[in-house]
Amino acid sequence: MNIVVCVKQVPDTATERKLRSEDNTLDRDAADGVVNELDEYAVEEALKLKEAHGGEVTVLTMGPGKATETIRKALAMGADKAVHLSDDALRGSDALSTSYAMAQVLKKIGFDLVVLGSESTDARTGMLPAMLAERLGTPQLTLANKVEVEGSTIRVQRLADYGYDRIEATLPAVVSVVEKINEPRYPSFKGIMAAKKKPVETLAIGDASIDPGQVGLAAAWSEVVDFAPAPPRAAGTIVKDEGDGGANAADFLASKKFI
Amino acid sequence: MSEILVLVEQVEGEVKKVTLELLTLARTLGTPAAVWAGPGITAEAKARLAEYGAEKIYVAGSGDLVDHVVAPKAELLAQLVTSASAAAVLVAATAEGKEIAGRLAIKTDSGVITDAVGLGEGFVADQSIFGGGVNVHSRVRKGTPIVAVRPNSTAPVAAAGAGVEEEVSVTLTDAAKATRVVERVKQEKGARPELTEAAIVVSGGRGVGSAENFSVIEGLADALGAAVGASRAATDAGWYPHQFQVGQTGKTVSPQLYIAAGISGAIQHRAGMQTAKTIVAINKDPEAPIFELADYGVVGDLHQVVPQLTEEVNKRK
């Protein structure tokens, strides 16, 4: 099975994240880049499917040069090779552009299964997996907490507010995974060394027949008009429990008409 | 004024509160038109939608809309955007709502905004990003604005609309029917409101100490008619099921009242609850960052404070 796992480098949540004042886009240089956490579950699931069914795992990322750190981590976990879509023309792309550009690459490299994390910790739109399925015309099996492949049939447990749906489709397909679907492995020393020798193909937009008019900030379908730091919340009342903490909290709730 | 399509969220025929919120919001921007996707609309549901301002109710009753994942609803909305020349489409910013919005944006060549916490003139949306640290105004530049709005972004206010029903027959492509729903598995959650929609959320964290002790959190939640949430520390420890995790990799909630018990308030947790209107924190550690957000904080042992609070709430009801 030819599995492509999409990963994204995101600014570390633990560091201060900023928008650039000149164009209101994410400042990717201001913070340390890390692998989007949910993507580690996607890589693990892709590796487990390969181990069960054979085939190959290709890492796909779109992002600036420093996103190679993220590619190396996925390769160190055990993926076989990588494709890095990197082009200045892509900077500032919104979800529509990103899904278009990634779909163009996926059409070029081919796949039986595309696996993604269900959302990124930076933009958090949660739309990309569904948008890729739409662009590729392949079945969407998203928000999975369990994935099974049998022949050309794929079955997924899709999380829902009331529990989950058991859903199925025929490959090729797009899957997104949620936290807790598995326990992502740590790269071993051997894995880290091996990753240095694994092939990474870098593509510019022209290499994947990506129309420059459909990507980048100028093409974006939506825009940030302005932004400002959230005003600090007014300092609250903090009391020490002297045996009446619960009653005091109840007084507060009553004053706000919650009880 | 042009129609603003509002995709109805419902559970077993009952319209969810978030839909009433979206209708309330839509009234300020145009003519609200509710879109019911799937079988099972009831007279009560229609009355409810009209009560909150739906001038029109599009009813697409085909079972195909719910027997396949996400894509059919996007096709239905795309069809209506064209036939009604809609000014905008509003969906609830749930995981599925956002997926529908994304596919619809591609189909209609339109911009999309997710997790709006407010929506004003010109469909300029308010968003709260980076774990609540930055407030953003954003807008769609091309096509029909598609906006996924977070539950509890506005208070639902009744204002009767005509509620004229219009049946819609939708022609789905084979591609939209590619993923079949084989079975819906409903897990027991009792009578509590749904986490992302609840007006009040009571969450427990590391300080709760064990799975059994979560009954303390549940007790307070039930006294307040609230949903129960948990921090990642609590779900990682296996004390509470993962689907109740509030935070960056879990659910985002924006309730009227959020009570955090035994939760330190790391940025990953704050990303999931910082837009709550009122925050109450109970924690042993006076230095816990959650107190920086709290409108009211009690420094103390939650095992003492929470049961007392529960008792007081029950007493004063």
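Values quoted throughout were computed directly from the atomic coordinates according to the rules given, and no laboratory measurement underlies them. Source: prediction; values computed, not measured. Because the Cβ atoms are built from the backbone with ideal geometry, glycine has one as well, and the counts that use them run over all protein chains shown.
Provide the gained length on full extension for the span residue A:257 to residue A:171, in nm with one decimal, where the gain is 0.36 nm per separating residue minus the Cα-Cα distance.
Details: separation 86, 0.36 × 86 = 30.96 nm, distance 5.40 nm.
That pair, residue A:257 and residue A:171, stretches by 25.6 nm at full extension.
For the residues B:28, A:121, B:108, what sequence is obtained by ranking on other C-beta atoms within 10 Å, fewest first? Intermediate results must be reported in sequence, preceding the final value.
Values: B:28 13, A:121 23, B:108 20.
So the ranking, lowest neighbour count to highest, is B:28, B:108, A:121.
With +1 assigned to the C-beta of every Lys and Arg and -1 to the C-beta of every Asp and Glu, and no other charges, what is the dipole magnitude of the protein assembly as shown about the Cα centre in debye, to the nearest 20? Each step should come with its number before you reach the end.
Details: 59 positive and 75 negative charges, 100 e Å.
I would put it at about 480 debye.
Taking beta carbons within 10 Å but only from partner chains, what does the mean come to for residues A:120-129? Before the final figure, lay out each step's value.
Working: counts 0, 6, 2, 3, 10, 10, 13, 12, 2, 3.
That average works out to 6.
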Peptide B:126-138, shielding by other chains (average Cβ, 10 Å cutoff): 6
Over the residues of the stretch A:69-183, compute the C-alpha Rg and express it relative to 2.2 N^0.38 Å. 1.09
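Which is the longest run of chain A containing none of the trypsin sites (Lys or Arg not before Pro) found in DSSP loop states (not H, G, I, E, B) with at most 12 other C-beta atoms within 10 Å? Write down the numbers at each step before the final one.
On the way: sites that count: A:196, A:197, A:257.
Value returned for the longest uninterrupted segment is A:1-195.
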Let me know the Rg and Dmax you get for the protein assembly as shown when you use only its Cα atoms, in Å. 23.5, 70
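Taking R0 as 25 Å, what FRET efficiency do you get between residue B:311 and residue B:256 from their Cβ-Cβ distance, rounded to the nearest 0.05?
After rounding to 0.05, the efficiency reads 0.65.
What does the convex hull of the alpha-carbon atoms of the stretch B:143-236 project to on average, in nm²? Don't jump to the answer; show the numbers that get you there.
Values: hull surface 46.4 nm².
Approximately 11.6 nm², given one-decimal rounding.
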Chain A: relative contact order as a whole-number percent, Cα under 8 Å and 6+ apart: 23 percent
What is the Cα convex hull volume of chain B when expressed per residue in Å³? 136 Å³
Cα-based helix-to-principal-axis angle, B:17-27 vs chain B, degrees rounded to 10: 50 degrees
Note: the stretch B:200-316 at 10 °C, 1.306 mPa s; Kirkwood Rh on alpha carbon pairs; Stokes-Einstein D in µm²/s works out to 118 µm²/s
What share of the DSSP beta bridges in chain A is antiparallel, in percent to the nearest 5? 40 percent
How big is the stretch A:1-151 by the Kirkwood estimate over distinct Cα pairs, in Å? 15.8 Å
Share antiparallel - DSSP beta bridges, the stretch B:32-148, percent rounded to 5: 40 percent
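Filter the GluC sites (Glu not before Pro) in the stretch B:202-310 to those in DSSP coil with at most 12 other Cβ atoms within 10 Å of their Cβ, and list the result. Don't skip to the end; give the middle numbers.
Values: sites: B:212, B:218, B:287, B:292; in loops: B:212, B:287.
Within the stretch B:202-310, the qualifying GluC sites (Glu not before Pro) (loop, at most 12 other Cβ atoms within 10 Å) are B:212, B:287.
How large is Rg/Rh for the stretch B:17-113, to two decimals, with Cα atoms and a Kirkwood Rh?
Details: Rg = 12.8 Å, Rh = 13.8 Å.
My calculation puts Rg/Rh at 0.93.
Nearest 0.05, what FRET efficiency do residue B:166 and residue A:189 give at R0 = 60 Å with Cβ-Cβ as r?
On the way: r = 65 Å, r/R0 = 1.08.
Given R0 = 60 Å and the Cβ-Cβ separation, E is 0.40.
On average, how many beta carbons from a partner chain sit within 10 Å of the beta carbon of a residue in B:104-112?
Details: counts 2, 9, 12, 1, 0, 2, 3, 7, 8.
Per residue, the average neighbour count from other chains is 5.
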Diffusion coefficient, µm² s⁻¹, Stokes-Einstein with Kirkwood Rh over alpha-carbon pairs of the stretch B:116-272 at 37 °C and 0.692 mPa s: 178 µm²/s
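Which GluC sites (Glu not before Pro) does the stretch B:108-204 hold that lie in a coil by DSSP with at most 13 other beta carbons within 10 Å?
Numbers: sites: B:121, B:165, B:166, B:167, B:183, B:188, B:194, B:197; in loops: B:188, B:194, B:197.
The qualifying sites are B:188.
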In nm, to one decimal, how far is the modelled label at residue A:233 from the one at residue A:27, with both set 7 Å along Cα→Cβ? 2.5 nm
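Write down the percent of antiparallel bridges among all DSSP beta bridges whose residues are both part of the protein assembly as shown, to the nearest 5. Walk me through the intermediate numbers first.
Numbers: 41 of 115 bridges.
Once the DSSP bridges in the protein assembly as shown are tallied, antiparallel ones form about 35 percent.
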Cα centroid of the stretch A:89-136 to Cα centroid of the stretch A:184-259, whole Å: 18 Å
Using Cα centres only, tell me the gap between the stretch B:219-294 and the stretch B:12-90 in whole Å. 32 Å
Kirkwood-Stokes translational diffusion coefficient of the stretch B:3-177, alpha-carbon pairs, 20 °C, 1.002 mPa s, µm²/s: 135 µm²/s
From the C-alpha gyration tensor of the stretch A:90-133, pull out the three semi-axes of the equivalent ellipsoid (sqrt of 5λ each), sorted largest to smallest, in whole Å. 18, 14, 8
Quick one: check the C-alpha center-to-center distance for the stretch A:1-50 versus the stretch B:93-137, whole angstrom. 20 Å
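Which value, in nm² and rounded to one decimal, describes the direction-averaged projected area of the C-alpha convex hull of the stretch A:101-259?
Numbers: hull surface 71.4 nm².
Averaged projected hull area, Cα only: 17.8 nm².
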